[in-house]
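The values are calculated or read from the model by the stated rules, or taken from the named source; none is laboratory data. The structure displayed is predicted, hence computed values, not measured ones. Glycine gets a Cβ as well: all are built from the backbone with ideal geometry, and neighbour counts include every protein chain shown.
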Amino acid sequence: MKIIHFSDIHLWDGVLEWRDLWYPKRLLGYVNLSLRRKFRFPPEYARRVTARILEQEADLVVFSGDMTTASLKNEFKAAAALFAPLHDKWGERFFVLPGNHDRYTPVTVGDLRYERTFPYGAMPGADVRVRVLDVDDEWRVIGFDCSRPYMLRSNGHLDEALLRQLDDALGDARLAGRSVILTGHFPYATPSAHKESWQHKLIGEEQLARLVARHQPPVYLHGHKHVRWLFRPDGTPATVCVNSGSAGLDAPAKEKRAGFITLTLDPDHGLTACLAQALSSDGAAWETCDLSIIQCTDAAYTERAR
Ligand SMILES: [Fe+2]
Ligand SMILES: [Fe+2]
């Protein structure tokens, strides 16, 4: 099973919409975009990454959220245009999830902007936030949506209902003898060099870690933190957490610069190969990145996850 994983492409638009200008994050986000983000996410990088992915062959392509910056109509429109060739090539095997930036305000969530733009990435129902796809006779992708709008923060929330749905989906896969590729937007654990702040973390990450420890999917694919890594936390030793990093960011460090990851999975041996590709510092060429698996040595995390 060959998988391409990318995330956090963060397309942006400089024109504000009037409908939810009252929402605190809207104006703060606009200031952040004007001063910082528009320089850090060159639209050309997003185009180059998706064009490069389109040249590859894979059984499955996963996008794990944050296609937009502020859930603006023009941002979703641009994302739909950018992703259309990927959907044309891979059909339902182009597996798309929303991130917290695609659920930016209550108005944009109520408008179903994500769902209307990406019907193929929508959850099965308003109250069902787990989506399942059988890729072949062996592998099943289980994706979940825990992105919610917050007035100022960028958290996700894994509530009890979603946790139960996820538990059921993972249990069903086990009964069916399926190997699972689990994917969501937020990490449930981060390497000690990349600690997540309280206003960005997944609320309920400990419960997700416990669920993963019980069901033991070989990989958990996520984004949100814009750094590329492979990480095997102590609390979930059977699972490699794969953060594909951002597919749109310009940054000095190669592991943060726009790119994507190609993974090879074997039902008996889990993750057998991984290749990361990122744009060079001048954006002119492609470089491969070495991603050795980071073992967790954070005792505090291990304690929480158990
Ligand atoms: Fe992001
Ligand atoms: Fe995010």
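Within the stretch 182-200, work out how many residues are within 13 Å of ligand 1 (Cβ to nearest atom) and farther than 16 Å from residue 98 by Cα. Total meeting the criteria: 1.
Of the listed requirements (1) within 16 Å of ligand 1 (Cβ to nearest atom); (2) touching a Ser or Thr at 6+ places or on another chain (Cβ under 8 Å), residue 26 misses just one: (1).
Annotation note: of 168, 234, 268, 250, the sole residue that is away from ligand 2 (no atom under 16 Å from the Cβ) and under 23 Å from residue 104 (Cα atoms) is 250. The C-beta contact set for the stretch 1-24 (first residue touching a residue at least 24 places away in the same chain (Cβ under 8 Å), second residue more than 14 Å from ligand 1 (Cβ to nearest atom) and among the acidic types (Asp, Glu), distance under 8 angstrom, 6+ apart or interchain) comprises 1/59; 1/136; 1/138; 1/266; 2/57; 2/59; 3/59.
Of the residues making up the stretch 53-79, those that are away from ligand 1 (no atom under 16 Å from the Cβ) and either touching a Phe, Trp or Tyr at 6+ places or on another chain (Cβ under 7 Å) or aromatic (Phe, Trp, Tyr) (or both) are 53, 60, 61.
Every test in (1) in a loop (DSSP other than H, G, I, E, B); (2) more than 19 Å from residue 280 (Cα to Cα) is passed by residue 9 save one, and that test is (2).
Being modelled with pLDDT of 95 or more and buried (at least 16 other Cβ atoms within 10 Å of the Cβ) is the filter; apply it to the stretch 150-166 and report the residue that is nearest to residue 205 (Cα to Cα).
In this case the residue turns out to be 158.
Can you pull out the residues in the stretch 20-40 that are assigned to a helix (DSSP H, G or I), among the aromatic types (Phe, Trp, Tyr) and surrounded by 17 or more Cβ atoms within 10 Å (Cβ to Cβ)? Once the filter is applied, which keeps residues that are assigned to a helix (DSSP H, G or I), among the aromatic types (Phe, Trp, Tyr) and surrounded by 17 or more Cβ atoms within 10 Å (Cβ to Cβ), the stretch 20-40 yields only 30. Using beta carbons and a limit of 6 Å, which pairs, at least six apart or on different chains, have the first residue in the stretch 93-109 and more than 10 Å from ligand 2 (Cβ to nearest atom) and the second one part of a helix (DSSP H, G or I) and at pLDDT 95 or above? Close Cβ pairs (under 6 Å, with a partner that is part of a helix (DSSP H, G or I) and at pLDDT 95 or above) amount to 94/86; 94/87; 96/121; 109/103. Might you check whether a residue that is buried (at least 24 other Cβ atoms within 10 Å of the Cβ), away from ligand 1 (no atom under 16 Å from the Cβ) and not small (Gly, Ala, Ser) occurs anywhere in the stretch 243-256? So far as the stretch 243-256 goes, no, none of its residues is buried (at least 24 other Cβ atoms within 10 Å of the Cβ), away from ligand 1 (no atom under 16 Å from the Cβ) and not small (Gly, Ala, Ser). If you go through the stretch 59-74 and keep only what is away from ligand 2 (no atom under 14 Å from the Cβ) and either crowded, with 22+ Cβ neighbours inside 10 Å or among the charged types (D, E, K, R) (or both), you end up with 59, 60, 61, 62, 72, 73. Against the numbered list (1) of a type outside the set (A, V, I, L, M); (2) more than 26 Å from residue 214 (Cβ to Cβ); (3) surrounded by fewer than 19 Cβ atoms within 10 Å (Cβ to Cβ), residue 136 comes up short only at (2).
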